[in-house]
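The values are calculated or read from the model by the stated rules, or taken from the named source; none is laboratory data. A quick note: this is a predicted structure, and the numbers were derived from the prediction, not measured. Counting neighbours? That spans all protein chains shown, and the Cβs are built from the backbone with ideal geometry, glycine included. These accessible areas exclude ligands, DNA and RNA; they are computed on the full protein's heavy atoms, side chains included. Shrake-Rupley method; radii C 1.70, N 1.55, O 1.52, S 1.80 Å.
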Amino acid sequence: QVELVESGGGLVQAGGSLRLSCAASGRTFSSVAMGWFRQAPGKEREFVAAISKFGGATYYADSVKGRFTISRDNAKNTVFLQMNSLKPEDTAVYYCAADSGTAQAMGVMSPRYWGQGTQVTVSS
């Protein structure tokens, strides 16, 4: 029902910025909450950020608060993750996710739809 494709990953120096994008198709974009997750080698996938269906509410992991910003443009069926002040520990594969439930629930329940991921590497 929902197809997600991430883009914008790459290599960046510590302290730099990167902007990830996730394009959605196959379902009315405003009918789903969106989120970002990440997984580093040898570690469990972790919640990063989520945004409600119309962008009225956002949620962040403590590790990225003040540095990352999630936003969405429903007219373009796209969600973004602006990452500033990047650290080497931010290095991971970043996944876009969608679910018909609430954005707040994404920190607890695994979303139904997932993208293939995009690699973010932060060098020291």
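Structure notes:
- Yes/no for Leu81 being closer than 18 Å to Leu20 by Cα, more than 14 Å from the chain's Cα centre (by Cα), open to solvent by less than 30 Å² (accessible area, probe 1.4 Å) and in contact (Cβ under 8 Å) with a residue 12 or more places away in the chain: no
- For Ala103, the test of being among the small types (Gly, Ala, Ser), within 21 Å of Arg27 (Cα to Cα) and surrounded by 15 or more Cβ atoms within 10 Å (Cβ to Cβ) is passed.
- Cβ-Cβ contacts under 8 Å between residues 6 or more apart (or on different chains), taken from a first residue in region 1-23 that is over 15 Å from Lys76 (Cα atoms) and in a loop (DSSP other than H, G, I, E, B) to a second residue that is among the β-branched types (Val, Ile, Thr) and open to solvent by less than 30 Å² (accessible area, probe 1.4 Å), are listed as Gly8/Thr118; Gly9/Thr118; Gly9/Val120; Ala14/Val122; Gly16/Val122.
- Which numbered condition Ala75 misses (of (1) touching a residue at least 24 places away in the same chain (Cβ under 8 Å); (2) open to solvent by 20 Å² or more (accessible area, probe 1.4 Å); (3) out of contact with any Phe, Trp or Tyr (no Cβ under 8 Å at 6 or more places or on another chain)): (1)
- Selection from region 26-52 of residues that are among the polar types (S, T, N, Q) and within 14 Å of Trp114 (Cβ to Cβ): Gln39
- Answer residue from region 91-124, given it is touching a Phe, Trp or Tyr at 6+ places or on another chain (Cβ under 9 Å) and assigned to a helix (DSSP H, G or I) and is farthest from Gly56 (Cα to Cα) among those: Gly107
- Selection within region 29-63 - open to solvent by less than 30 Å² (accessible area, probe 1.4 Å) and under 15 Å from Cys96 (Cβ atoms): Phe29, Val32, Ala33, Met34, Gly35, Trp36, Phe37, Arg38, Val48, Ala49, Ala50, Ile51
- Unmet criterion (only one of (1) touching an Asp or Glu at 6+ places or on another chain (Cβ under 7 Å); (2) among the hydrophobic types (A, V, I, L, M, F, W, C); (3) open to solvent by 60 Å² or more (accessible area, probe 1.4 Å)) for Cys96: (3)
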